[in-house]
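*Asks:* What follows is a single structure, and I will ask about it in a moment.
None of the figures in this text is laboratory data; all of them are computed from the coordinates on show. Since we're looking at a predicted model, the values are computed, not measured. Glycine gets a Cβ as well: all are built from the backbone with ideal geometry, and neighbour counts include every protein chain shown.
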Amino acid sequence: MTTSHLYSLKDLTKTYKQKGKLVAALKGVNLEIARGEFVSIQGPTGGGKSTLLQMLGGLDQPTSGSITLVDQPLETLSEAKLTEVRAKNIGFIFQNYNLIPTLTALENVQTALVPSGEGKAESHARALAALELVSLSDRADHLPAELSGGQQQRVAIARALVKNPEVILADEPTGNLDEETRDQIIELLVALNKEKGITVILVTHDSSVANKAGKRLHIAKGNVETVTR
Amino acid sequence: MFFTYLRRELRQRLRQTLLVAFALGTSIGLVIVVSAASAGISDAQKTVLSGLYGIGTDITVTKTVLPTQNGQRFDFGPMGQGATGSTSINTTRLEVARFAGTFDQAALSQVTGTKGVTKGAGTLKLSQVLFKGTIAAGSTSTTTAPTPSATGSARPSINNPGGDTSGAGDRGRGFGGGNFNIDMTSIEGVDPASLTTGPLSGVTVKSGRNFQSTDANSAVAVLDSTYAKTNTLAVGGKVKVKGVDYAVIGIVAPSSASAETSSNFYIPLAKAQEASGKAGLVTNIYVSADSSSNIASIQSSLKTLLPDATVSSQADLAQNLSGSLSSASSLVNSLSKWLSIIVLLVAFFIAILFTSSGVTRRTRELGTLKAIGWKTNRIVRQILGESLVTSGIGAFIGMIVGVVGIFIVNAVAPTLSASLASPRRFGGGGGGFTPPAGFTPPAGFTPPAGGFGGRGTGFGRAAANATTLKLHIGMNFSTLVIGVLIALAGGLIAGTYGSWRASKLSPAVALRSVA
Ligand SMILES: Nc1ncnc2c1ncn2[C@@H]1O[C@H](COP(=O)(O)OP(=O)(O)OP(=O)(O)O)[C@@H](O)[C@H]1O
Ligand SMILES: [Mg+2]
């Protein structure tokens, strides 16, 4: 195993039990993702895209197989250790933005710095810088409800990048946005990938988004294939 | 972030915050009012009791004796034969209060020597009966029964100051006619050297002065203010004890507004013992305990020491209080208690429900926080903190509700009455005044068969001690603290449940697309 690999997945399976029936969401995934890659994941609904993202993000444990992030086998980690890994290394972006509705844009970004125990002034400065990066420093005091969908997603991106993560995992980040806004968001992610070297893995239904990725994955019925151009 | 998030959460969801806070607040407000009312009522009971037994008294020791057949004979003394042939009587009888047994000096020193007793004072309760009037000549039991109208006029009138006058129920059959008065006065001999315990402790001197140790052997009297008023007596006046004049030196009333003291008037113990021929004897021993926590143990030691004595604590005596005061007390202690428990449970339920539904509503929010690396502990703390602050606001509202509620209760407070149903009750209502054993009527006087149908314990004490007082409930610190603690407990329970549910959330819920 070379250290250049950020993720290394071997025979990874995930089976859900729903109302007594077993649903195989991932059926033996073998996959390697290098540092600094921009990866897109496409596929039909119910194909296992979000499930794969959960595994990559340490949000859930696989049923079998292994998933290694840098050199940590995530499948062996306790919930507390996984929480630490998420806090340090992983930035999430969600289709519904998932901002805390009662907190301002700035405070939402600061929530990502809470686990590291950042000091008040330092946290404030870093969050403001992250908002600057997504061109939203003038909206720092706004509540999510006072922002447009694209602005909310930019706040979410700021929240994901503020801790300088190894990887940003995005589940249909442009699913709720119009084309123009979609392009702004994707450009932002591409820029982060290029300029900061952050690995970006994003799930999308949109081929024009997927086309921007250096590596395109397709997942259907729990099986992952690499799309070759 | 903890405080920012907490403040934002409560402010932005103000309606829910206030709803839960008001639910907790009004319920603990009710609890505060009810427990204050309960404390106020038990204070009122103490006030009534302290009027009867003095303020520093924790325990009273008395002895009950049943009248014996060969008891003291009632001697009407010399009777004059009037010109019209009627017999005139004017005689005073001074004896130990009905059913009261006596203790000697040794018993008193045994009591004061008991561990935990700081003071003991003996008093001698006497009952002075004045018979005065005429009995028509030749009216014997064998003569023709008088006509109802004749009996009506001849019915003995019972002068029972300040007391129950439901009185002479049975007409004296065979009692021929004439005019006849029975005047009863309760007199208590108190030791001027130990006034800090007993009936005169804690009294307010309305005029004149209380006893001083130099009064020990003087013919002086201190009057209960109600008795003084009824008999238009004032300082400088005179009362008679067995025909001897006692100078009135003071008029006293219990510190509570309208209660009465236990006897009509008080004379020095030595004089009372001398006048009644009970040298060295007392009927009542008033005991002060060194600490209220020792009362029960002192009580049991005294019971062992004096097996045939009745040893009563204030609490025992409170149980004998009757009237609207005790009705209020049982109302507060039963109905209101249950009401406030139910209201509290409802408030707790509301708090739990809203906290729990809040967690459900915030599933994605909390899942997201977990996903971005917040520890479960931090989320638990957050939910618990929100809940506790909400209940703190509830506690504050509760205090306001409580204070306002107490204010309202006091503003519309009913006047309560209390009377002491004597523990020495014989045969209950209608027991009445059965002529004392050994009562020897003058020739031609047949005692009324059914006795003079007095109520309760008959003459004197019980009826004379009906007291009215306006209920005043006060705010006390511990009630407030308890209210605050209950509200916080509600918040703690709701917050614990809510945060337990939050801790069970998987961070993966953040990725669920459903809004
Ligand atoms: N928590 C769960 N419990 C039970 N079954 C689940 C759970 N999450 C996902 N599944 C099932 O696993 C399969 C894959 O789901 P997944 O959410 O990964 O699909 P997806 O590719 O993200 O679909 P979509 O494009 O609709 O988001 C589906 O059949 C789904 O029903
Ligand atoms: Mg999905």
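*Asks:* Hey, which aspartates and glutamates would be in cross-link range of residue A:120, C-alpha to C-alpha under 17 Å, not counting anything within fewer than 8 residues on its own chain?
*Replies:* A:107, A:141
*Asks:* Do the alpha carbons of any pairs in B:115/B:240; B:303/B:337; A:196/B:370; A:14/B:370 sit beyond 32 Å of each other, and which pairs?
*Replies:* Listed pairs above 32 Å: B:115/B:240; B:303/B:337.
*Asks:* Going by average Cβ density within 10 Å per residue, which order do the peptides A:66-73, B:127-134, B:366-373 take, highest to lowest?
*Replies:* So the order, starting with the most tightly packed, is B:366-373, B:127-134, A:66-73.
*Asks:* Something else now. Specify whether the C-alpha gyration tensor of segment A:135-227 places it in the rounded, prolate or oblate class, a ≥ b ≥ c being the square roots of the eigenvalues: rounded for a/c under 1.5, otherwise prolate if a/b is larger than b/c and oblate if not.
*Replies:* Note, shape of segment A:135-227 comes out prolate.
*Asks:* Note the angle between two axes, namely the Cα long axis of helix A:79-89 and the longest principal axis of the Cα atoms of chain A, as a number of degrees from 0 to 90, rounded to the nearest 10.
*Replies:* With both axes taken from Cα atoms, the answer is about 60 degrees.
*Asks:* For a quick check: with amide H placed at 1.01 Å from N, whose amide H comes under 5 Å from residue B:100's, ignoring anything fewer than 5 positions away on the same chain?
*Replies:* B:65
*Asks:* So how do B:229-237, B:23-31, A:91-99 stack up, highest first, on mean other-Cβ count within 10 Å?
*Replies:* B:23-31, A:91-99, B:229-237
*Asks:* Picking from A:153, A:58, A:181, whose Cα lies most toward the positive end of the charge dipole for segment A:5-227 (charges on Cβ: Lys, Arg +1; Asp, Glu -1)?
*Replies:* A:58
*Asks:* Sticking with this one: Read phi for every residue in segment B:262-267 and hand back ³J(HN,Hα) as whole Hz from Karplus 6.51 cos²θ - 1.76 cosθ + 1.60, θ = phi - 60°, with x for Gly and Pro.
*Replies:* 6, 10, 5, 8, 10, 10
*Asks:* Can you list the residues, at least 5 places off or on another chain, whose amide H is less than 5 Å from the amide H of residue B:89, using H built in the peptide plane?
*Replies:* B:133, B:134, B:135
*Asks:* Given axes a ≥ b ≥ c from the Cα gyration tensor, I'd like to know whether segment A:19-103 is rounded (a/c under 1.5), prolate (a/b larger than b/c) or oblate.
*Replies:* Rounded, because the longest to shortest axis ratio a/c is under 1.5.
*Asks:* Tell me, what HN-Hα J-couplings in whole Hz come from the Karplus equation 6.51 cos²θ - 1.76 cosθ + 1.60 at θ = phi - 60° for each residue of segment B:236-247, using x for Gly and Pro?
*Replies:* My calculation for segment B:236-247 gives x, x, 9, 10, 9, 10, 6, x, 9, 6, 10, 7 Hz in order.
*Asks:* Give the aspartates and glutamates whose C-alpha is closer than 19 Å to that of residue B:470, dropping any in the same chain fewer than 8 places away, or say none.
*Replies:* B:43, B:260
*Asks:* Kindly provide the pair-distance distribution of segment A:5-227 built from C-alpha pairs, with 5 Å bins from 0 and whole-percent values in order of increasing distance.
*Replies:* Bins of 5 Å from zero give 1, 7, 15, 19, 20, 16, 12, 7, 3, 0, 0 percent of pairs.
*Asks:* Let me ask you something else. Would you mind checking the tilt of helix A:120-133 against the longest principal axis of the Cα atoms of chain A, expressed as 0 to 90 degrees and rounded to 10?
*Replies:* 80
*Asks:* Same structure again: Would you tally the net charge around residue B:511, using a Cβ to Cβ cut-off of less than 15 Å, leaving residue B:511 out, and scoring K and R as +1, D and E as -1?
*Replies:* Residues close to residue B:511 contribute a combined charge of +2.
*Asks:* With Cβ to Cβ distances under 14 Å as the rule, what net charge do the other residues near residue A:87 carry (K, R +1; D, E -1)?
*Replies:* Value of the local net charge: +4.
*Asks:* How crowded by other chains is A:81-89, given as the mean number of beta carbons from other chains within 10 Å of each beta carbon?
*Replies:* Mean shielding by partner chains, rounded to a whole number: 3.
*Asks:* Next question, about the same structure. Considering the options A:92, A:167, A:76, tell which one lies farthest towards the positive end of the dipole of chain A, charges being +1 on Lys and Arg and -1 on Asp and Glu at the Cβ, about the Cα centre.
*Replies:* The one lying farthest along the dipole's positive direction is A:76.
*Asks:* Continuing with this model, one more query. Holding the Cα-Cα limit at 31 Å, pick out from A:10/A:212; B:46/B:132; A:81/A:212; A:88/A:215 the pairs that are longer than that.
*Replies:* The pairs that break the limit, which is 31 Å between Cα atoms, are B:46/B:132; A:81/A:212.
*Asks:* Students often forget the sequence filter, so: which aspartates and glutamates lie under 12 Å Cα-Cα from residue B:119 once same-chain residues fewer than 8 apart are removed?
*Replies:* Straight-line reach from residue B:119, under 12 Å: B:58, B:290.
*Asks:* Follow-up question, since we're still on this one. Distance between the C-alpha centers of segment A:153-228 and segment B:207-256? Whole Å please.
*Replies:* The distance from the Cα centre of segment A:153-228 to that of segment B:207-256 comes to 103 Å.
*Asks:* How big is the gap, in Å, between the Cα center of segment B:381-398 and the Cα center of segment A:53-80?
*Replies:* Segment B:381-398 and segment A:53-80 have Cα centres separated by 38 Å.
*Asks:* Name the shape class, rounded, prolate or oblate, that the alpha-carbon gyration tensor gives for segment B:189-248, where a ≥ b ≥ c are the square roots of its eigenvalues, rounded holds for a/c under 1.5, and otherwise prolate holds if a/b is larger than b/c and oblate otherwise.
*Replies:* Oblate.
*Asks:* Also: To the nearest 20 debye, what is the magnitude of the charge dipole of segment A:5-227 about its Cα centre, counting +1 on the Cβ of each Lys and Arg and -1 on the Cβ of each Asp and Glu?
*Replies:* 780
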